[in-house]
1. Using alpha carbon coordinates only, what is the Rg to Rh ratio of region 64-284, with Rh defined as the Kirkwood radius?
2. So what are the three principal axis dimensions of region 313-390 from its Cα atoms, in whole Å, longest to shortest?
3. Go ahead and estimate [θ] at 222 nm for the chain from helices alone: -39,500 (n - 2.57) per DSSP H run with n ≥ 4, summed, over the residue count, rounded to 500.
4. Within a Cβ distance under 12 Å of His119, other residues only, what is the Lys/Arg minus Asp/Glu net charge?
5. Evaluate the distance, in nm, between pseudo-label points positioned 7 Å from the Cα of Trp341 and of Asn13 along their respective Cα→Cβ axes.
6. Treat each spin label as a single point 7 Å out from the Cα along the C-beta direction, and report the Asp198 to Ala145 distance in nm.
7. Would you please put 59-66, 378-385 in order of how densely packed they are, using the mean number of other Cβ atoms within 10 angstrom per residue and starting with the highest?
8. By DSSP, what percent of the beta bridges with both residues in the chain are antiparallel, rounded to the nearest 5?
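Only the coordinates and a few stated rules stand behind these numbers; no lab work does. Quick caveat, the model's predicted, so the values are computed rather than measured. Counting neighbours? That spans all protein chains shown, and the Cβs are built from the backbone with ideal geometry, glycine included.
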Amino acid sequence: MNYEKLFAERTKNMGANIIREILKVVSQPGMISLAGGIPAPQSMPLNLIRDLVDSALTKYGARALQYDLTEGFIPLREVLVSHLQNKGIMTRVEDVCISSGSQGVLDALGKVLINPGDHIAVEAPTYLGAISAFNPYGPRYACIAMDEEGIIPEALEKVIATHPVKFVYLVPTFQNPTGRSLSLARRHVIAEIIAKNDLLLVEDDPYSDLRYRGEPLPTLQSMIPDHVLYTTTLSKVFAPGLRIGVYIAPEPVKRWLVLAKQGIDLHSSTFNQALAAEYILGGHLQQQIPKIVALYKPRQEAMLQAMDQYFPSSYTYSKPEGGMFIWAEGPKGDDTEKLYWKCVERHAAYVPGKFFYPRCEEGLATMRLNYTMSNEEEIEKAIHIIADVLKEGL
């Protein structure tokens, strides 16, 4: 049978997630991987899970195993209201919706907002998962230039002036892949630009709880709620395998996202949501976050110290106050994808930065480094290997 004739045109815009393909390579024995964006197993509250299961089944009974509302399990949505208020987000139970991870809402957004050829404004570089979610719907990307303080307001204004932007997608805090955060002063300016131009901003916020230094920054949603779809996740502070994403959207957008989800999976796992509700209700989330920070902070410090010691002076790199990533940029002419394979031969890995750009010819001399999955000794060893390869060049 000729199966090719069955596939929709949109499949031409789809491809394998390159990071997941890279992870297949780096899973070989002896490899020190700084490639994934994966929470450390030690960050997950394994000792609590049995108690959470018992608590959820005792409290909710068969309800925890039953079909439920598309918008989400009400006990979880109720407890998330106060959790989000701690982030300065004033909301109601009926406004809080649950998705299958943040990725679920990104795909639904593409389905309900993107027509082929629509312009989506994104950071350059941006989160690869967002590109993967949006690509099947055929958008064009308008890239917003960044520096160490996040996107540059003048660059956003230029993008808006030169493209009919459908919406803006940002990861303002401890961005994936760069680790950079949009500064407080710029947040106010960006909020003004978004509101003035009557645009929708998608604010993706998976990392803000992972702060090691400095003061928390307000969400853009708290500044211009009518213009922001805010999404976050429990993947980094509970368990990624449970796939608990959270979003708050302006009512007209929310209505369509709920309809889209009904066609995809009816609702996210009721049982997983019940576990999450008990996790937060029991005060475990607030107890776990400091433990995760205490685990990751010295790993980040070990990476930065090793980069200071070993990396060639021609490379610059971000020094984030939190999150999971460091971004390195080398001189023009370096190709970190080619150098990557040399590092793999020596059992150290990272992600070449070009994959985080909508156009892969950009970012050839960049790389993303993750420090959450390796201990300090492994990080120092891997950075030393990578630095030696960079110095040797192609």
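1. Numbers: Rg = 16.7 Å, Rh = 17.6 Å.
Rounded to two decimals, Rg/Rh equals 0.95.
2. So the three principal-axis extents are 34, 30, 23 Å.
3. Result for the chain: -13000 deg cm²/dmol, rounded to the nearest 500.
4. Values: positive: Arg140, Lys166; negative: Asp118.
Spelling it out: positives minus negatives among the neighbours equals +1.
5. Rounded to a tenth, the inter-label distance reads 3.1 nm.
6. 3.0 nm
7. Sorting 59-66, 378-385 by mean packing, highest first, produces 378-385, 59-66.
8. Bridges in the chain are about 50 percent antiparallel.
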